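Since every read-out is calculated from the coordinates, none of them should be taken as a lab result. A quick note: this is a predicted structure, and the numbers were derived from the prediction, not measured. Backbone-built Cβ (ideal geometry, glycine too); neighbour counts: all protein chains shown.
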């Protein structure tokens, strides 16, 4: 008799347990949806505190380039296609600006600190423009900088690649005004001339 | 004598037809690469493939003496994230040039044996499903080169 009652109890307990899990999963899914980048109703909070090492050997923070318009792009030196394309467009835009280019500080932040030492990064950015400053750091410093700019990056494993991986990373470059407020995004489709025009407007507004 | 002439004729005809059979129906135009920044282990190779034959073909693989490996890749901008992914084969349709260009399809060179310097030339062997192996000469342009629009004699 007692045994029979226990048997009856088991399915009820399992059902309650399942219900509990279901509620927890639904709550978590909803909560993460609100936390996640999918919510488009809010303005993106791009930019914020970071501490990194520059290709000039100095420690830099988000305060280091105040007073200049910052053009912030995340990438890595082993990137053979997307990064050279963007860095070249940035270099062309700076050329178009002529002497006004001194008012802009392009920053190339590595999302591959394992391979991008300040020395490697320095040679790389120098190939595009001596105006571009490369920034790298510890994995934790890079993660913090990427988080500040809402940048995604992750290794993509592929056997034939150097060291067995490539990096997926956010494709856009971010423009911060002289007060370090996010004002524009340059995508891989933005022509260099358009970048130059936007930067020229921002320079005019800040002088 | 007559037999001799017809023999020569036969040889001539057969060698011509042999030459036609061997003529690759894929033409490689504007094969180029960017000069590599110091210390780079990778590079990308771009070109335009024109199928002059009557049927569709596919680029299957590539090899070059300047790198350990050349793989067909594509760059995809997926919701704002740049992803580079290997591609098994690339269709080359008759009448429609297939363009490998920055931000899209490219041959990724891995294990570069040395830096690619502006003005340098090197060969690449492309293997097609039907046309077989087609050799092309690649010209190395400056680091910041963007492709055909920066090439003389070609306007976009």
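Remark: pairs (first residue in the stretch A:185-198, touching a residue at least 40 places away in the same chain (Cβ under 8 Å); second residue surrounded by fewer than 12 Cβ atoms within 10 Å (Cβ to Cβ) and assigned to a loop (DSSP other than H, G, I, E, B); Cβ separation under 7 Å; 6+ apart in sequence or on different chains) are absent. Take the stretch A:144-186 and flag every residue that is within 11 Å of chain B (Cβ to nearest Cβ), closer than 15 Å to residue A:70 by Cβ and surrounded by fewer than 18 Cβ atoms within 10 Å (Cβ to Cβ). Hit for the stretch A:144-186 is A:185, nothing else. Considering the conditions (1) surrounded by 18 or more Cβ atoms within 10 Å (Cβ to Cβ); (2) within 11 Å of chain A (Cβ to nearest Cβ); (3) outside any loop (DSSP other than H, G, I, E, B), residue B:68 is excluded by exactly one of them, (1).
If you filter the stretch B:82-110 down to residues that are touching a helix residue (DSSP H, G or I) at 6+ places or on another chain (Cβ under 7 Å) and assigned to a strand (DSSP E or B), you find that the one that is nearest to residue B:47 (Cα to Cα) is B:110.
Residues that are in contact with a strand residue (DSSP E or B) (Cβ under 7 Å, 6 or more places away or on another chain) and closer than 17 Å to residue A:104 by Cβ within the stretch A:150-179 comprise A:172, A:173, A:174, A:175, A:176, A:177, A:178, listed in sequence order. Considering only the stretch A:131-143, I want to know if a residue exists there that is touching a helix residue (DSSP H, G or I) at 6+ places or on another chain (Cβ under 6 Å) and facing another protein chain (nearest Cβ under 9 Å). Checked the stretch A:131-143: no residue is touching a helix residue (DSSP H, G or I) at 6+ places or on another chain (Cβ under 6 Å) and facing another protein chain (nearest Cβ under 9 Å).
If only residues of the stretch A:110-130 that are in a loop (DSSP other than H, G, I, E, B) and within 11 Å of another protein chain (Cβ to nearest Cβ) are counted, the one that is surrounded by the fewest Cβ atoms within 10 Å (Cβ to Cβ) is A:117.
Number of residues in the stretch B:71-103 that are over 18 Å from residue A:76 (Cα atoms), within 11 Å of chain A (Cβ to nearest Cβ) and surrounded by 14 or more Cβ atoms within 10 Å (Cβ to Cβ): the value is 4. For the stretch B:104-134, the set of residues classified as crowded, with 18+ Cβ neighbours inside 10 Å and more than 15 Å from the chain's Cα centre (by Cα) consists of B:110, B:112, B:116, listed by residue number.
Assessment of the stretch A:190-201 against the conditions (within 18 Å of residue A:60 (Cβ to Cβ), assigned to a helix (DSSP H, G or I) and away from chain B (no Cβ under 14 Å)) yields no matching residue. Here the condition is being assigned to a loop (DSSP other than H, G, I, E, B), more than 7 Å from every other protein chain (Cβ to nearest Cβ) and within 26 Å of residue A:118 (Cα to Cα); of B:115, B:54, it holds for B:115 alone.
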